[in-house]
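**Student:** Right, I'll just put the structure down here and ask away after.
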Amino acid sequence: MSINPPLNHRQQQVLWATVRHYIATAEPVGSGALVKEFNLSVSSATIRNAMGHLEKVGLLFQPHTSAGRVPSDSGYRIYVDQLIQPSPKVAIQLEQMFSDRLNLDKWSFEAVLKGAAQILAALSGYIAIVTMPMTHTTQLRHLQLVPIDANRVMLIVVTDAYETQSILMELPPCEEEPDAEIVDRELKILSNFLSDHLRGRSLTELQTLDWGELGREFDRYSTLLTSVLTDLLQRLAQSSLPSQLMISGVSEVLRQPEFSELHQVQMILHLLEEEQNQIVPLIFEPPDSEGRRVSIRIGSENPLEPIQACSLISSTYNRGTVPVGSIGVLGPTRMLYEDTIALVEATADYLSDMLS
């Protein structure tokens, strides 16, 4: 992902207004429309200058020479990360609909999931994807760092199902030639630290490890190990990810103008119906190191070609503190993000409460 360019207050206002207008109309946005619709308290010329700057830095673009401008994926990213907050109003509305329509006393949890997916799709206007909860959460049994030579080491992980994964890692460079005995001693301490802190934990807890307890002398390993453990998490998780998806709202979202081309619709439907194993890893992501509960992939940030004109917003739901299932909403990049993020968060909270 590219680094976001700095924007002044006026440019932020114009970007926000442009995105909001385009979400509402699906039509390229001109300065006159922003003057008419939003109280920006500046002239049309000032807005044109701001839009020109936003286009220059790649946050807006013109689909046609004579047309207004539309947000780029990078423009949507700044809009989501800096210019909005999830809407509490729609979250309350969703919770009320869950309370009114889902019969928790008589329904199985599978029926509750199906009902929740239908309500989420209806309220968002996009495709809702919900996974069944995992019945077994893979846990770590043993971790060990094995030196290969002066510059490389092997990390070996064994799960409670006795599945083994290993990954070869290059040791971070040192200003001086590393002493073999010192490196060996450090690796043993790191191995003990990893096993003591992670033995018995679920895979999704790998990313919560606090390297601060190791002290400064191990700083050079922490970034490398964090990256390697995350990679191993993704590998190991494939075998234990939830496999059954509930999908609702396809017919609604396909009415959006972005999906007017039959070929694009066919690719999305094929992915949802025949390639579900590719979708699950995208929506089953534990909270990141900064504690963000919702994952947001916008347009080209999606690794799967059929949905690179879409945005995918997802979160996990938990049994206790352990993520066991996930909720995703798939729609066009021209998505009402503040509402959709709030809806996904509220659904995750609701399902976690049901399991707890």
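The values are calculated or read from the model by the stated rules, or taken from the named source; none is laboratory data. Since this is a predicted model, take the numbers as computed values, not measurements. Cβ coordinates were reconstructed from backbone atoms using ideal geometry, including for glycine residues, and neighbour counts include every protein chain displayed.
**Student:** With respect to the numbered conditions (1) free of Cβ contacts under 8 Å to residues at least 40 places away in the same chain; (2) in contact with a helix residue (DSSP H, G or I) (Cβ under 7 Å, 6 or more places away or on another chain); (3) under 30 Å from residue 245 (Cβ atoms), which one is the sole condition not fulfilled by residue 109?
**Tutor:** (1)
**Student:** Out of 168, 145, 120, which single residue is outside any strand (DSSP E or B) and either out of contact with any helix residue (DSSP H, G or I) (no Cβ under 8 Å at 6 or more places or on another chain) or not charged (D, E, K, R) (or both)?
**Tutor:** Going through 168, 145, 120 in turn, just one is outside any strand (DSSP E or B) and either out of contact with any helix residue (DSSP H, G or I) (no Cβ under 8 Å at 6 or more places or on another chain) or not charged (D, E, K, R) (or both): 120.
**Student:** Check off (1) under 12 Å from the mean Cα position of the chain (by Cα); (2) surrounded by fewer than 24 Cβ atoms within 10 Å (Cβ to Cβ); (3) of a type in the set (Val, Ile, Thr) for residue 322 and give me the number that stays unchecked.
**Tutor:** Every listed condition holds for residue 322 apart from (1).
**Student:** Please tell me if residue 94 is assigned by TED's automatic domain parsing to the domain that holds residue 339, within 23 Å of residue 256 (Cα to Cα) and not polar (S, T, N, Q).
**Tutor:** Here the answer is yes, as residue 94 does meet what is asked.
**Student:** OK, next. Suppose we filter 254, 224, 232 for residues that are buried (at least 16 other Cβ atoms within 10 Å of the Cβ) and either modelled with pLDDT under 80 or more than 30 Å from residue 113 (Cβ to Cβ) (or both); which single one remains?
**Tutor:** One residue alone meets the criteria, 232.
**Student:** Out of all the residues in the range 79-96, is one or more surrounded by fewer than 16 Cβ atoms within 10 Å (Cβ to Cβ), at pLDDT 95 or above, in a helix (DSSP H, G or I) and β-branched (Val, Ile, Thr)?
**Tutor:** yes
**Student:** Let me ask something additional. Residue under question is residue 50, and the condition is that it be crowded, with 16+ Cβ neighbours inside 10 Å, more than 20 Å from residue 344 (Cα to Cα), out of contact with any Ser or Thr (no Cβ under 6 Å at 6 or more places or on another chain) and among the aliphatic types (A, V, I, L, M); does it hold?
**Tutor:** Yes, satisfied.
**Student:** Small (Gly, Ala, Ser), closer than 21 Å to residue 70 by Cβ and either at pLDDT below 95 or not in a helix (DSSP H, G or I) (or both): which single residue out of 311, 315 fits that description?
**Tutor:** None of the other options fit; the residue is 311.
**Student:** So, one more: In the range 38-59, which residue that is farther than 18 Å from residue 4 by Cβ, touching a helix residue (DSSP H, G or I) at 6+ places or on another chain (Cβ under 6 Å) and in a helix (DSSP H, G or I) is modelled with the lowest pLDDT?
**Tutor:** Ranking the candidates gives 44 first.
**Student:** Evaluate the following for residue 5: is it more than 18 Å from residue 311 (Cβ to Cβ) and either part of a loop (DSSP other than H, G, I, E, B) or not assigned by TED's automatic domain parsing to the domain that holds residue 326 (or both)?
**Tutor:** On the way: more than 18 Å from residue 311 (Cβ to Cβ): yes; either part of a loop (DSSP other than H, G, I, E, B) or not assigned by TED's automatic domain parsing to the domain that holds residue 326 (or both): yes.
It is true that residue 5 is more than 18 Å from residue 311 (Cβ to Cβ) and either part of a loop (DSSP other than H, G, I, E, B) or not assigned by TED's automatic domain parsing to the domain that holds residue 326 (or both).
**Student:** Sticking with this structure for a sec: Just to be sure I understand, how many residues within the range 21-37 are in contact (Cβ under 8 Å) with a residue 12 or more places away in the chain, assigned to a helix (DSSP H, G or I) and not hydroxyl-bearing (Ser, Thr, Tyr)? Before you say what the answer is, go through the steps one by one.
**Tutor:** Within the range 21-37, the first condition is being in contact (Cβ under 8 Å) with a residue 12 or more places away in the chain, and the residues that meet it are 21-23, 26-35, 37.
So of that shortlist, the ones also assigned to a helix (DSSP H, G or I) come out as 21-23, 31-35, 37.
The next check asks that each one be not hydroxyl-bearing (Ser, Thr, Tyr); those that pass are 21, 23, 32-35, 37.
Within the range 21-37, residues that are in contact (Cβ under 8 Å) with a residue 12 or more places away in the chain, assigned to a helix (DSSP H, G or I) and not hydroxyl-bearing (Ser, Thr, Tyr) number 7.
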